Amino acid sequence: MEYKRKLQIGVMGSASDTSYSKEIEKIAERIGELIAESGNITVYGAEKDYDSLSTAAAKGAKRFNGLTVGVTYGKGKGIWESENTDVIVSTGIDRGGGREFVLVNSCDAIIAVSGGSGTLTELAIAYQSNIPMIVIRGTGGWSDELADRYIDSRKRLKVIGVNSPEEAVSKAIELSFSQEVKK
């Protein structure tokens, strides 16, 4: 019998202090729902002090009984959306100071929705690590800036722009499997 592990799909995006709309939040929730429906795992940046598009994805995943893994900064397991998180990984590392390495490198692919400086950091780490990156066009932030582009002149891996949560999850699964074949 061949064992095939579940994919760990990261959802990255703006924190609530960037004032995203309810429409954008619903896109993030839908991504989490679709990851759960596909039988895979939603991995996200678990915040201790406020909401984010990543926590919206976890909420969507739990609505469909999906498995969620929240990677948080600092010590302790107290996070904003604890009721929507099955596994909490406390990195012991500050926000913006390395938690993003653990978060991104725990993923087979990442999907970004909008995004500020933290999302940009996560996309750069994924680029350096050859982890597939998918962004939702029309959601603002770094997702719009980087859609269908390479992050630098090395042209390692293009940031794939898509127009819907359905396309994003489908592409993340497809690219994750193609990356596994290369390993």
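A short reminder: the numbers here are calculations on the coordinates, not readings from a lab. These numbers were taken from a predicted model, which means no experiment stands behind them. Cβ atoms come from the backbone with ideal geometry, glycine included; neighbour counts cover every protein chain shown.
Expressed as a rounded percentage, what relative contact order does the range 75-176 have, with Cα pairs under 8 Å and six or more residues apart? List each step's numbers first, then the result.
Values: 151 pairs, mean separation 23.0, N = 102.
Computed value for the range 75-176: 23 percent relative contact order.
Alpha carbon centre of the range 127-145 versus the range 27-83: separation in Å?
First find each Cα centre; the distance between them is then 18 Å.
Mind ordering 35-41, 109-115 by average Cβ neighbours within 10 Å, highest first? It would help to have the intermediate numbers written out before the result.
Details: 35-41: 20.6, 109-115: 28.6.
In descending order of packing, they fall as 109-115, 35-41.
Sorted by packing (mean other beta-carbon atoms within 10 Å per residue), highest first, where do 127-135, 86-94 land? Please list the in-between numbers first.
Working: 127-135: 21.3, 86-94: 15.2.
Listed from highest to lowest mean packing, they are 127-135, 86-94.
With unit charges on the beta carbons (Lys and Arg positive, Asp and Glu negative) and the dipole taken about the Cα centre of the range 8-182, which residue among S143, Q128, I160 sits farthest to the positive side?
Checking the options against the dipole of the range 8-182, the answer is Q128.
Taking the Cα centre of the range 37-174 as origin, work out the dipole magnitude from +1 charges on Lys and Arg Cβ and -1 charges on Asp and Glu Cβ, in debye rounded to 20.
Working: 15 positive and 18 negative charges, 60 e Å.
Dipole size: approximately 280 debye.
Helix-only mean residue ellipticity at 222 nm, the chain, DSSP H runs n ≥ 4 weighted -39,500 (n - 2.57), per residue, nearest 500. What is it? Working shown, then result.
Numbers: 6 runs with 70 residues, N = 183.
Helix-only estimate at 222 nm: -12000 deg cm²/dmol.
Among the listed pairs K75/K155; K4/K75; K59/K171; K75/K171, which have their C-alpha atoms separated by more than 26 angstrom in this model? List each step's numbers first, then the result.
Values: K75/K155 37 Å; K4/K75 32 Å; K59/K171 21 Å; K75/K171 34 Å.
As for pairs spanning more than 26 Å Cα to Cα, those are K75/K155; K4/K75; K75/K171.
P(r) for the range 62-159, please, calculated from all Cα pair distances in 5 Å bins and given in %.
3, 13, 20, 21, 21, 14, 7, 2, 0
Determine, for each peptide in 55-65, 164-174, the mean count of other beta carbons within 10 angstrom over its residues, then list the peptides with the highest first.
Values: 55-65: 24.0, 164-174: 19.8.
Packing order, densest peptide first, comes out as 55-65, 164-174.
So what is Rg over Rh here for the chain, counting just Cα atoms and using Kirkwood for Rh? Write down the numbers at each step before the final one.
Working: Rg = 14.7 Å, Rh = 15.7 Å.
With Rg and the Kirkwood Rh in hand, the quotient comes to 0.93.
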